[in-house]
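What follows is a single structure, written as structure tokens, with notes after it.
The values are calculated or read from the model by the stated rules, or taken from the named source; none is laboratory data. Keep in mind it's a predicted model, so treat the numbers as computed, not measured. FYI the Cβ positions are ideal-geometry reconstructions off the backbone, even for glycines, and counts take in every protein chain you see.
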Amino acid sequence: MGKVVSLRDAIGCIRDGDVLFLGSLIECRRPMAAAYEIVRQRKKGLILLAECSLAEDILVGMGCAAAWRGCYTGIANFGLSPATLRKIETGEFIVDDIGHIDIILGAMASMAGSPFVATRATLGSDVLNPEFSRTEQIRALARDPSMIPEKKFVLMDDPFYGNGLVKLQPAMPADVAVIHVQQAGEDGTGRIEGSLAFDHYFIHASKRVILTAEQVVPESYLRRDPNRNQIPCKSVDMVVEIPWGGHPSQVQGFYDVDMPFIREYVKAAKTQAGLESWVHEWVFAINAHDEYLDRIGAARLQYLRSIPPYGYRPRTTCERSYNHKNKLNETGGDA
């Protein structure tokens, strides 16, 4: 049916050493089921773009990723990404920091077919400090070195208006983008509710695009209201229907973030042995996505469901009181 394939087949197209973009940011609409499958297929040497949050932390900790070019390394309220931090400290993972706006501009340049854009973003910051540049090292690691710029940036004087120093920010292409959406058509049209993050740029900045979707619906349904569709079908290569494919992140209109699940991950991932035990339980010991959902449990999933018209699950006064009371009980009154 159109471009609809299994998750296994979609992730199978990712090759070791590819430059990979995982859609959205922090713990909102992340392609978590895809990240688990990347680990399950034991991909190696991936170059990650944009951020290192929960999905990326799992890939880094399990040796699937060799390097990262981006601007954020953390898991929301839970601090720095534990496995990523550990791998950076041991020298097993290479980080090349660039500015948040640099990601947007680099993706926009790739989308437009331009090799670079000019900007004043990050001038005066350590992003420009050559001591911290790892671009050449990462280029050497990539399966296709031409996907990584030969230089991190170039400085020059504004040749048009004489307004001083500007930075030439290179394009930021990806071999593969994996983006989780609320709805996708069988031919690849995608609809996102809420923040688009960087996704609408990397859709066009990537050689291959995989959409994982909460629902696959007829293209005719999406085309009744085309103004709500951000992803054109011609830019998408594969579509995977996988309900709860963003868990434990939030997917607006479907379910809220599963904070206890993330808390348990962060606690486990503080050591390599703990991380590997967690991954064995939640990735390798699970043969199908339905098994993952069964292990979470129907009651817990039902609790996470979004409540109209909010698009998420509001925390009521009663819920906050109940959760605080439970925390006091667990900690002996130290919360």
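Residues are listed down the side, and each one gets a yes or a no for (1) aliphatic (A, V, I, L, M); (2) in contact with a Gly (Cβ under 9 Å, 6 or more places away or on another chain):
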| position | (1), (2) |
| --- | --- |
| Lys3 | no, yes |
| Gly12 | no, no |
| Ala76 | yes, no |
| Ile98 | yes, yes |
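Among the residues of region 274-285, which ones are free of Cβ contacts under 8 Å to residues at least 40 places away in the same chain, of a type in the set (A, V, I, L, M, F, W, C) and crowded, with 16+ Cβ neighbours inside 10 Å?
Trp278
Going by the structure shown, is Gly23 surrounded by fewer than 24 Cβ atoms within 10 Å (Cβ to Cβ) and either at positive phi or in contact (Cβ under 8 Å) with a residue 12 or more places away in the chain (or both)?
It is false that Gly23 is surrounded by fewer than 24 Cβ atoms within 10 Å (Cβ to Cβ) and either at positive phi or in contact (Cβ under 8 Å) with a residue 12 or more places away in the chain (or both).
Of all residues being more than 16 Å from Ile94 (Cα to Cα) and of a type in the set (D, E, K, R) in region 123-150, which is surrounded by the most Cβ atoms within 10 Å (Cβ to Cβ)? Just the residue, please.
Among residues in region 123-150 that are more than 16 Å from Ile94 (Cα to Cα) and of a type in the set (D, E, K, R), the one surrounded by the most Cβ atoms within 10 Å (Cβ to Cβ) is Asp144.
Which of the residues that make up region 224-241 are crowded, with 23+ Cβ neighbours inside 10 Å and in a loop (DSSP other than H, G, I, E, B)?
Answer for region 224-241, where residues must be crowded, with 23+ Cβ neighbours inside 10 Å and in a loop (DSSP other than H, G, I, E, B): just Val236.
Got at least one residue in region 216-223 being touching a residue at least 40 places away in the same chain (Cβ under 8 Å) and assigned to a strand (DSSP E or B)?
yes
Scan (1) among the aromatic types (Phe, Trp, Tyr); (2) farther than 28 Å from Gly190 by Cα; (3) modelled with pLDDT of 95 or more for the single condition Trp244 breaks and write down its number.
Only one criterion in (1) among the aromatic types (Phe, Trp, Tyr); (2) farther than 28 Å from Gly190 by Cα; (3) modelled with pLDDT of 95 or more is unmet by Trp244, namely (2).
Take region 41-62 and flag every residue that is small (Gly, Ala, Ser) and crowded, with 18+ Cβ neighbours inside 10 Å.
Ala50, Ser53, Ala55, Gly61, listed by residue number.
Do we find a residue being in a helix (DSSP H, G or I) and either surrounded by fewer than 19 Cβ atoms within 10 Å (Cβ to Cβ) or among the polar types (S, T, N, Q) (or both) anywhere in region 242-257?
Scanning region 242-257, I find no residue that is in a helix (DSSP H, G or I) and either surrounded by fewer than 19 Cβ atoms within 10 Å (Cβ to Cβ) or among the polar types (S, T, N, Q) (or both), so the answer is no.
So Lys207 passes all but one of these: (1) buried (at least 16 other Cβ atoms within 10 Å of the Cβ); (2) in a strand (DSSP E or B). Which condition number does it fail?
(1)
Kindly list the number of the only condition in (1) farther than 30 Å from Arg120 by Cα; (2) surrounded by 23 or more Cβ atoms within 10 Å (Cβ to Cβ) that fails for Ala174.
Just one mismatch for Ala174, condition (1).
Within region 138-155, can one find any residue that is under 28 Å from Arg263 (Cβ atoms), part of a loop (DSSP other than H, G, I, E, B) and either modelled with pLDDT under 95 or out of contact with any Asp or Glu (no Cβ under 8 Å at 6 or more places or on another chain) (or both)?
For region 138-155, residues under 28 Å from Arg263 (Cβ atoms), part of a loop (DSSP other than H, G, I, E, B) and either modelled with pLDDT under 95 or out of contact with any Asp or Glu (no Cβ under 8 Å at 6 or more places or on another chain) (or both): absent.
Exactly one of these conditions fails for Gly188: (1) assigned to a strand (DSSP E or B); (2) touching a Lys or Arg at 6+ places or on another chain (Cβ under 7 Å); (3) not charged (D, E, K, R). Give me its number.
(1)
Restricting to region 146-195, and then to whatever is free of Cβ contacts under 8 Å to residues at least 60 places away in the same chain and aliphatic (A, V, I, L, M), can you tell me which residue is farthest from Asp9 (Cα to Cα)?
Leu165
Restricting to region 286-316, and then to whatever is hydroxyl-bearing (Ser, Thr, Tyr) and assigned to a helix (DSSP H, G or I), can you tell me which residue is surrounded by the fewest Cβ atoms within 10 Å (Cβ to Cβ)? Show your work before the answer.
We begin by selecting, within region 286-316, every residue hydroxyl-bearing (Ser, Thr, Tyr); these are 292, 303, 306, 310, 312, 316.
Checking the rest, the ones that are also assigned to a helix (DSSP H, G or I) come to 292, 303.
On the way: Tyr292: 20, Tyr303: 13.
If we take residues in region 286-316 being hydroxyl-bearing (Ser, Thr, Tyr) and assigned to a helix (DSSP H, G or I), then Tyr303 is surrounded by the fewest Cβ atoms within 10 Å (Cβ to Cβ).
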